[in-house]
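The structure under discussion appears below in the form of C-alpha cells.
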Amino acid sequence: MKKYFYKNLTVQELASLTKRPAVDFSKVFEAVHPILNDIKKDGLKAALNYAKQFDSFIGEEIRVSKKEFREAEKNLDKKTRKALQIAAKNIEKFHKKQLPKPYTVEIQNGIKCSREFRAIENAGLYIPGGSAVLPSTMLMLGIPARIAGCKRVVVYSPAKEGKVNNPLLYAAEICGITEFYKIGGAQAIGLMAYGDSSIPKVNKIFGPGNQYVTAAKLLVSIDPEGAAIDMAAGPSELVVIADRNSNPAFAALDLLSQAEHGPDSQVVLLSDSEEMVSKINLELLRQLEILPRKEFAEKSLENSISLITEDLIQAVNFSNMYAPEHLILNIKNAEKYRNEIHNAGSVFIGGFSPESAGDYASGTNHSLPTSGYARITGGLTVESFMKSMTFQKLSRKGLKKIAPVIETLAEAEGLEAHKRAVSIRFKN
C-alpha cells in the first residue's frame, strides 16, 4: 500500500486520493452492445449462444428443475445448511423493520392526501458466479424481495458445466425462489431486460457483477424497452480507521477481506499512528502469504493507500470525502464518532465488528453503493423492491377552497386547460 501523510498533502492531492482505479467503460460498452442487440432480437436463442461461448454452457435447458433444487439441499452438508438458515433469519429480522408504512394527511376540510406502497411485480436478481459464487448475495437480494411482496422473483446466475452450486440453490430455496436460470454475464442481463416468448421480462434488475454485467445494466436502464436497475455497482472497497489501540491483525485481515474480492478492489487504511500503520503493513504481508486468493489481493493492494492523519477526526473527515462502500472504526471509543460519519454505505463500529459480519450474517444488507455513490444514496432495502403512489380525494367544498389558487397558478403558467378543468366544475 502506498503511504501518505495528510499534513504534507494539498487539497487537490487529498481529493485525488479519493479517486477509484479507472475502468474504461467505452471498450466494455462496445463489447456488450451487440450482445444486448442480439438478445433483443432473438431472445433466448441468442442468450444461449452467448452462454455457450462465454460460460461453456452445456445443453439446452437453462431453467433449474425442482429435482435440482431437491438434490442441492440433499447434497449440501449440514453445517453449511445451518449457517445459511441462521444468516437468513438474521437478514429477515433486520429487513422486516424496513417495510414502509402508508399515511394519510387531511390537508384541510374536504382535501385528503395519502401515500401508499406497492411491490414491483417482476424483479430480476443477478448472482455472480465467476471467481467466487455468492450464496450470501442470494439471501441479501431474495429476502428483501420476498418481504416487499414481489409477485415474481426470477434469478439468473452462470452455471459451471450446466450445474449451479449447492449452497446457491439452497439459499434460493430459503428465499422462496422457484424460477432460476443457469445463465450469467451480459447475456443474462439482456434476457432479464428484454425477455423472450417463453421467459417474461422483468421490471427491475438487482445484483452485482463484473464490468460487463455493470455495463449491460447501465445500457438496458437507458433503453425504454429495457428495465430499471438497482445501482451501478463497482468493485468492492473498504476504509479502515485504526488508532494506536487497534489490533494490527484484525485491521490487516479486514483490509484483505475486501482486497481478495478482485484486483480492481480498493482498500484504504487511515490512522493517527504511523507506528500502527507499520504494524498493520507487516501483518498484511504475513497474512497475504496464506491466502488462496493471494494474487487478487496483491493486485488490489497495489491500488490501495494508507494515510497517516494528525488525529482521528481528520481521518473521519477524509473517509467522508472518500465515501466508502464499507467503513470500519477499529478504534477506542468508536461509538462517539458515529454522528461524525456522513458518507458510507455500511459502518462497522469497534474492534469486534468485522466487515465480514455484514457480508454474511449480522443482518444488514451487503448490496451497497460503491465509487463514491455513498455520498448520495444508501444500500439495498426492502423499499428498493417497492414503489410509492400518492392519492388525493377532494370534496366539492374542498376543491372550491383551493380553486382560486389553482386557477391563478395555471393562468401564470399559461395553461388554460388546467384552469378550465377546475372552473368548469363550478358552473351552474
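Each value in this text was obtained by applying a stated rule to the coordinates, not by laboratory testing. Note that the structure is predicted; figures quoted are calculated from it, not measured. Cβ placement follows ideal geometry from the backbone for every residue including glycine, while neighbour counts extend to all protein chains displayed.
Quick notes
- Measuring against 22 Å, Cα to Cα, the residue pairs LYS41/LYS204; LYS66/LYS163; LYS96/LYS163; LYS27/LYS160 contain LYS96/LYS163; LYS27/LYS160 as the ones spanning a longer distance.
- If you wrap the tightest convex hull around every Cα atom of the range 234-375 and split its volume per residue, you get 95 Å³.
- Selection of trypsin sites (Lys or Arg not before Pro), the range 149-244, meeting DSSP coil and at most 10 other Cβ within 10 Å: LYS151
- The chain, helix-only ellipticity at 222 nm - DSSP H runs n ≥ 4, -39,500 (n - 2.57), divided by all residues, nearest 500: -13500 deg cm²/dmol
- Average projection area in nm² (convex hull over Cα atoms of the range 117-196, one quarter of hull surface): 5.4 nm²
- Burial ordering of VAL316, VAL240, VAL202, VAL11, fewest other beta-carbon atoms within 10 Å first: VAL11, VAL316, VAL202, VAL240
- Subtracting the Cα-Cα distance of GLU289 and ALA412 from their residue separation scaled by 0.36 nm leaves 37.1 nm.
- Note on ALA232 and LYS97: their simple-model spin labels are 3.3 nm apart, each label 7 Å out from Cα toward Cβ.
- Positive-pole candidate from THR10, VAL240, ASN281, dipole of the chain, charges at beta carbon: VAL240
- Dipole orientation for the range 234-375: of the candidates LEU255, SER346, ASN303, SER346 has the Cα lying most toward the positive pole (charges on Cβ; Lys, Arg +1; Asp, Glu -1).
- Local net charge near THR390, Cβ-Cβ under 13 Å (Lys/Arg +1, Asp/Glu -1): +4
- Total charge dipole magnitude, the range 234-375, about the Cα centre, Cβ charges on Lys, Arg, Asp, Glu only, Debye to nearest 20: 240 debye
- Restriction of the GluC sites (Glu not before Pro) in the range 266-339 to DSSP coil positions whose beta-carbon has at most 14 other beta-carbons within 10 angstrom yields GLU289, GLU310.
- Distance between the modelled labels on ALA132 and GLU179, one decimal in nanometres: 3.0 nm (7 Å Cα→Cβ projection).
- Formal net charge of residues neighbouring LEU327 (Cβ-Cβ distance under 12 Å; K, R +1; D, E -1): -4
- Acute angle (nearest 10 degrees) that the helix 135-148 long axis makes with the longest principal axis of the chain, alpha-carbon atoms: 20 degrees
- Cβ-Cβ FRET estimate between ARG115 and ASN428, R0 fixed at 35 Å, reported to 0.05: 0.50
- With neighbour counts taken as other beta-carbon atoms within 10 Å, the residues ILE127, ILE86, ILE349 rank, fewest first, as ILE86, ILE349, ILE127.
- For a straight C-alpha distance cut-off of 30 angstrom, the lysines reachable from LYS427 (same-chain residues fewer than eight places away being disregarded) are LYS112, LYS393, LYS397, LYS400, LYS401, LYS419.
- The chain: angle of helix 396-412 to the longest principal axis, Cα-based, in degrees nearest 10: 70 degrees
- Sorted fewest first by neighbouring Cβ atoms within 10 angstrom, CYS150, CYS113 come out as CYS113, CYS150.
- Mean projected area of the Cα convex hull of the chain, taken over all directions, amounts to 26.8 nm².
- The range 1-98: trypsin sites (Lys or Arg not before Pro) in DSSP loop, at most 10 other beta carbons within 10 Å: LYS97
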